[in-house]
Structures are given as structure tokens and as C-alpha cells.
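Undergrad: Below is one structure. I have some questions about it.
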Amino acid sequence: METIRFLRVQGILRETGEYSPRPGFETSKIPPCYETNSHEQAPSGYAIVLLDESGKQSWEGLPRLTGGFCGMPGTWSVSGYIPLLHTPGFYEIRCYNRSIYRSPISAAAPQVTIREWEAEEKQCFVAWDTNDTSQTVSVACMVGNRTYPLLLNSRERSLRFGLDSIPGPAEGRLSIRVSDGCRSGITLSEPFTIAGKPPQVSINQPAPGSYLDATSPITLDGSARGAAGDPLPLAGYQWYIDGQLVHTGSRAFVMKSLPPGPHAIRLSYRENNEVAEAETNITVNELASWEKEWQQMFPENATYTHR
């Protein structure tokens, strides 16, 4: 028995009644909330209607509307599932039986095939063919359970891209999706290796070249991020002052003070045997004469302790 396939249609509805479609995809399963229509319908009166080539209605269902598409007021994200037939037809978005959008549905999904594929250590090249030059293509790199978009809704038929922003070491695959505006088809590349990359480390405070008071606390603040920009675990943080390890395990801390003179501050981060460092230089001002006398009289109150 042949499995029934469904087309997920999706788009953006504005309070003016304007509907903007987004590329759909095909599936053999429908989430339970669509099967039972248990979700909240707002605004009301909308329907998804399936028509044959002659315009005769063959199916009707309720779309799901979620308010605030991407946080934009006055918009709704619209989605729904319609059964796919083996003949061309149309689907409509209707509001109180008035059509606000109609799209043709082809009898077969678009096809895309990889024509050329090269995977190198730092970059990749891929070229593909589709069965219609008017169809748009989106390309993404899949790594584990994460997806990194590389190309969106383009009519290009090749792409060269670098791997610097994709974290590793890992195994990745390219997903190439072709769409005719309604139906879509997908093909996957062969798996390829993504090399490991050192963390991206920076010191936010103190600023380079700062002149600081010897009697004032000094805040040290830095960050370490992966190739994709994700914050890294705190365990890898190591802070050095003038080559001496002074703190570990946090991105920020406060030192009581430092002795007068120039100092080199270094933040080091280690992950997967990769080490990255950032360094900044500061100067702590000399103590005033009365401050020196005070510290000679009360050495237990001296503020700098790291030497």
C-alpha cells in the first residue's frame, strides 16, 4: 500500500490580509496538533483548500496561525498540511471563503543532483543541476544536530564556501534543497571532515594601554567562543599576569590591585588540545607620596599582593 504524502505549506500573514508564501516541504507524517486541530486559531475564518486542475475543490483543512512572526507585530506565521495528489492542481489560502493566495502544485517534486563536489581542509566547492532553471536553491551544512545556512533561495548553481565559521572536529554533510515555490526536493552530499579550530579569545577589560590607579581594584573580563560564536565552558579559562597564573575557571574576576609599573595580562583558553590566547598591556600609576607613607606605616593595608 502506497504511503500518503503531505505537503507542508507555510507563509506569513499580515493584518492587512496580505499573504507571503515560504517554500514548503514534503513528509509522510503530520504532527498531532494538525491532525486534531487542537491549536488555537487566531484570527478565525481561515482555511487551506486543495483544488484540482479544473478548479474543483477536493479537500479543505484548517491552517495553524501563530502570532508575531519573528517578533513582528501585526503578523502571523501560517502553516498547514495538505495531501499530495499525483496530478497537478492548486492550493488556496482563504479567509471566509475569499481567496487571498493561490499557488499551483506540480504533479512531481523538483529534483536536484550534485554535478561536482570537492571537499578540502579549509573550503569546499559544490555544483548542482535542477530540472528547471527558474527554481531556487538553498544550501546548508549539517553538523550533528545543528544546521549552518550557506545559501538561501538563490538561482545560483554552484557554491564555494569556507569552513572557518563551522566548528570542528566533526563530520559534516551538505543539504541542497530546490524549490519551485511550493514543493521542494533535497539531496545530500557525501560526508566530509571539518577540522578542529582554536577558540576565539578576547580581553574586554582592562582596555589596551590603560593607566590604572595602584589603590583601585582592577576588573579583568574576557571571552572565549567557538568557531560558530558559541560561548565556551568556563573550565578552560586561565588568566595570567606577567606570566604568572592568577585565576582559572571564570571569564571575569576582580583583583585587589597591582603594583605600580607596566603589566602584561594574558587570557589563555584550552579546548580539544587547541590553545588560543589574547594579551593586553596596562600601566599602573605610581603611588602618591602620602600613599607610600601610609603603606609604610600600615603594610597590612597594602593593596597589591600578586608579587
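Undergrad: Using a Förster radius of 30 Å, what is the FRET efficiency between Ile100 and Asp132 based on their Cβ-Cβ separation? Nearest 0.05, please.
TA: Once the sixth-power term is evaluated, E becomes 0.70.
Undergrad: Please list, ordered by chain and number, the residues whose modelled amide H lies under 5 Å from the amide H of Gly24; skip anything fewer than 5 residues away on the same chain.
TA: So Gly24 has HN proximity to Cys182.
Undergrad: So between Leu152 and Tyr240, what do we pick up on full extension, going 0.36 nm a residue minus the alpha carbon distance?
TA: Answer, rounded to one decimal: 27.3 nm.
Undergrad: Please arrange Arg173, Arg183, Arg98 by how many other C-beta atoms lie within 10 Å of their C-beta, fewest to most.
TA: Arg98, Arg173, Arg183
Undergrad: Considering the options Phe25, His86, Pro259, tell which one lies farthest towards the positive end of the dipole of the chain, charges being +1 on Lys and Arg and -1 on Asp and Glu at the Cβ, about the Cα centre.
TA: Selected residue: His86.
Undergrad: If you plug each phi of the stretch 82-99 into the Karplus form 6.51 cos²θ - 1.76 cosθ + 1.60 with θ = phi - 60°, what whole-Hz ³J(HN,Hα) values come out, in order, with x for Gly and Pro?
TA: Per-residue couplings from phi come out as 10, x, 8, 9, 8, 10, x, x, 9, 10, 10, 9, 10, 10, 6, 6, 9, 6 Hz.
Undergrad: Before anything else, pin down the relative contact order of the stretch 200-287: Cα pairs under 8 Å, at least 6 apart, normalised by residue count, whole percent.
TA: Value for the stretch 200-287: 38 percent.
Undergrad: Let me check I've understood the local charge: for Thr27, count other residues with C-beta under 10 angstrom from its C-beta, Lys and Arg +1, Asp and Glu -1. What total comes out?
TA: +2
Undergrad: Same structure again: Only Cα pairs under 8 Å and at least 6 apart count here; give the relative contact order of the chain as a rounded whole percent.
TA: Across the chain, relative contact order equals 12 percent.
Undergrad: Additional query: Rg/Rh for the stretch 200-287 to two decimals, with Rh computed the Kirkwood way over all alpha-carbon pairs.
TA: 0.99
Undergrad: For the chain, divide the Cα radius of gyration by the Kirkwood radius and give the resulting Rg/Rh value with two decimals.
TA: Rg/Rh for the chain comes to 1.21.
Every read-out reported here was derived from the displayed coordinates using simple, explicitly stated rules and does not represent laboratory data. Just so it is clear, the structure is predicted and the values come from calculations on it, not from any experiment. Ideal geometry is used to build each Cβ from the backbone, glycine not excepted, and the neighbour counts take in all protein chains shown.
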